[in-house]
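Below is one structure; the comments refer to it alone.
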Amino acid sequence: MASDVLQKLKPDKRTAIEESLLLEFTHHPVTEAQVARIVKGAGISRGAFYNYFKDVPDAYRYLYQIAIQDIHQAIRQNERRGENLVDEARQFIKNTQNSKYYELFQMHYHYNEVYVTRLVAPLEPHAEIQWAEMTLIHDTIRCALIEPGTTDARLHQLEKVLKILEE
């Protein structure tokens, strides 16, 4: 993960680095990203880049985590089931589509998903429904961001399946 040194930078310097990372990873998959473009855009040296990040995938994971946190902050945490889960998925999609990270998420799902460790849901007794809901919601969001024209149909499909799970 990104070094602690990065967190100690002045906010304007860290913002410049994050904006340069966003520009790079919005337009280039991780496999084609170049440290040279990132450091030029951020106004830092190549050595500084490697002082902050282990490598390009590490820089990507750092930026992706920021994007996820930013999008999630806009959604209220709600433990209730059913329609609220669909509303939260809808809100997440809308927030993402209206954020500066929208193209980053599209690149993520098309090319870069492999660079971010997927969390493995803990195997808990009697938690099968919650696991199914989580899996369905995340896949609905993923598909809606890849194919925005299908968002309403996918959310409707999610709503129907969640109702079946409630029965």
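The values are calculated or read from the model by the stated rules, or taken from the named source; none is laboratory data. It should be emphasised that the depicted structure is a prediction, and the values quoted were computed from it without experimental measurement. All Cβ positions, glycine included, derive from the backbone under ideal geometry; neighbour counts span all protein chains shown.
Here are the numbers for this structure:
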| item | result |
| --- | --- |
| Test: N84 is under 30 Å from E159 (Cα atoms) and exposed (fewer than 12 other Cβ atoms within 10 Å of the Cβ) | no |
| Any hit, the range 116-132, residues being buried (at least 17 other Cβ atoms within 10 Å of the Cβ) and in contact (Cβ under 8 Å) with a residue 24 or more places away in the chain | no |
| Filter pass, I137 being part of a helix (DSSP H, G or I), β-branched (V, I, T), more than 12 Å from the chain's Cα centre (by Cα) and exposed (fewer than 14 other Cβ atoms within 10 Å of the Cβ) | no |
| Exclusive hit being free of Cβ contacts under 8 Å to residues at least 60 places away in the same chain and closer than 20 Å to F92 by Cβ, set Q69, Q34 | Q69 |
| Selected residue (only one of A67, A36, A48, A42 is of a type outside the set (D, E) and surrounded by fewer than 15 Cβ atoms within 10 Å (Cβ to Cβ)) | A36 |
| Complete set of residues in the range 7-38 that are among the aliphatic types (A, V, I, L, M) and either under 24 Å from V114 (Cα atoms) or assigned to a loop (DSSP other than H, G, I, E, B) (or both) | L9, I17, L21, L22, L23, V30, A33, V35, A36, I38 |
| Failed item in (1) at pLDDT 95 or above; (2) surrounded by fewer than 16 Cβ atoms within 10 Å (Cβ to Cβ); (3) closer than 26 Å to A132 by Cα, with M107 passing the rest | (2) |
